[in-house]
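What follows is calculated from the coordinates using simple rules that are stated; it is not laboratory data. Every value quoted in this text rests on a predicted model; they were computed, and no experiment measured them. Positions of Cβ are backbone-derived with ideal geometry, glycine not excepted, and every protein chain shown enters the neighbour counts.
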Amino acid sequence: MKLRGLPRALRLLRPMEFRAVFDHGRSRSDAHFIVYARPHDRGPDPRLGLVVGRRFGDAVLRNALKRRIRETFRCHRSRLPVGHDLVLLPAGRGTVPETGEAAESLVRLAAAAAAEYVRRGPR
């Protein structure tokens, strides 16, 4: 039995879900990540989508980054904007931030992108 992990209900799974966030969400970025945020109507929990392309690095590096981000999201979910879909992309190439840096960056950028959506509406 898997004790840890990110349940399917907390992940963006379909291309149309990603497309909706990219097309209508708001984004914020820093040296580590680019975060897109858009409200959803599927309950209070935030949901996470990851986009890590080949230009980031080899498969080992990409998977290490995705594992770190998923774990950060799982541990800090209560600090993220309620009821939002978040799509996260790495901003740099080939660097996996430390867990503490990743957590602070994710929380700060998600809050800023969600606030921007509330302030200015969809794109």
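For the range 62-82, does any single residue satisfy the condition of being in contact with a helix residue (DSSP H, G or I) (Cβ under 7 Å, 6 or more places away or on another chain), surrounded by fewer than 12 Cβ atoms within 10 Å (Cβ to Cβ) and charged (D, E, K, R)?
no
Quick check on my filter: what residues within the range 45-79 are closer than 20 Å to residue 101 by Cα and among the acidic types (Asp, Glu)?
Of everything in the range 45-79, just one residue is closer than 20 Å to residue 101 by Cα and among the acidic types (Asp, Glu), namely 71.
Could you list all residues from the range 1-23 that are touching a helix residue (DSSP H, G or I) at 6+ places or on another chain (Cβ under 9 Å) and in contact (Cβ under 8 Å) with a residue 40 or more places away in the chain? Give the derivation first.
Initial filter on the range 1-23 (touching a helix residue (DSSP H, G or I) at 6+ places or on another chain (Cβ under 9 Å)): 4-6, 10-12.
Of everything in the range 1-23, those that are touching a helix residue (DSSP H, G or I) at 6+ places or on another chain (Cβ under 9 Å) and in contact (Cβ under 8 Å) with a residue 40 or more places away in the chain turn out to be 4, 5, 6, 10, 12.
Would you check which residues across the range 84-114 are surrounded by fewer than 19 Cβ atoms within 10 Å (Cβ to Cβ) and of a type in the set (D, E, K, R) and list them?
Answer for the range 84-114, where residues must be surrounded by fewer than 19 Cβ atoms within 10 Å (Cβ to Cβ) and of a type in the set (D, E, K, R): 93, 98, 101, 104, 108.
So if I check each of 13, 48, which one is touching a Phe, Trp or Tyr at 6+ places or on another chain (Cβ under 6 Å) and either crowded, with 16+ Cβ neighbours inside 10 Å or outside any helix (DSSP H, G or I) (or both)?
Sole residue among the options that is touching a Phe, Trp or Tyr at 6+ places or on another chain (Cβ under 6 Å) and either crowded, with 16+ Cβ neighbours inside 10 Å or outside any helix (DSSP H, G or I) (or both): 48.
Which of the residues that make up the range 58-104 are part of a loop (DSSP other than H, G, I, E, B) and in contact with a Lys or Arg (Cβ under 7 Å, 6 or more places away or on another chain)?
Selection gives 93, 96.
Out of curiosity, is residue 56 more than 19 Å from residue 123 (Cβ to Cβ), free of Cβ contacts under 8 Å to residues at least 40 places away in the same chain, in contact with a strand residue (DSSP E or B) (Cβ under 6 Å, 6 or more places away or on another chain) and not basic (Lys, Arg)?
Against the criterion (more than 19 Å from residue 123 (Cβ to Cβ), free of Cβ contacts under 8 Å to residues at least 40 places away in the same chain, in contact with a strand residue (DSSP E or B) (Cβ under 6 Å, 6 or more places away or on another chain) and not basic (Lys, Arg)), residue 56 qualifies.
If residue 121 satisfies all but one of (1) on the phi > 0 side of the Ramachandran plot; (2) touching a helix residue (DSSP H, G or I) at 6+ places or on another chain (Cβ under 7 Å), what's the number of the condition it fails?
The number of the failed condition is (2).
List every residue pair whose Cβ atoms sit under 9 Å apart, with the two residues 6 or more apart in sequence or on different chains, where the first one lies in the range 63-78 and is touching a residue at least 40 places away in the same chain (Cβ under 8 Å) and on the phi < 0 side of the Ramachandran plot and the second, anywhere, is acidic (Asp, Glu) and surrounded by fewer than 18 Cβ atoms within 10 Å (Cβ to Cβ).
Close Cβ pairs satisfying both conditions: 77/45.
Do we have residue 28 as free of Cβ contacts under 8 Å to residues at least 40 places away in the same chain and surrounded by 14 or more Cβ atoms within 10 Å (Cβ to Cβ) here? Don't jump to the end; show me each part of the working.
Details: free of Cβ contacts under 8 Å to residues at least 40 places away in the same chain: no; surrounded by 14 or more Cβ atoms within 10 Å (Cβ to Cβ): yes.
No.
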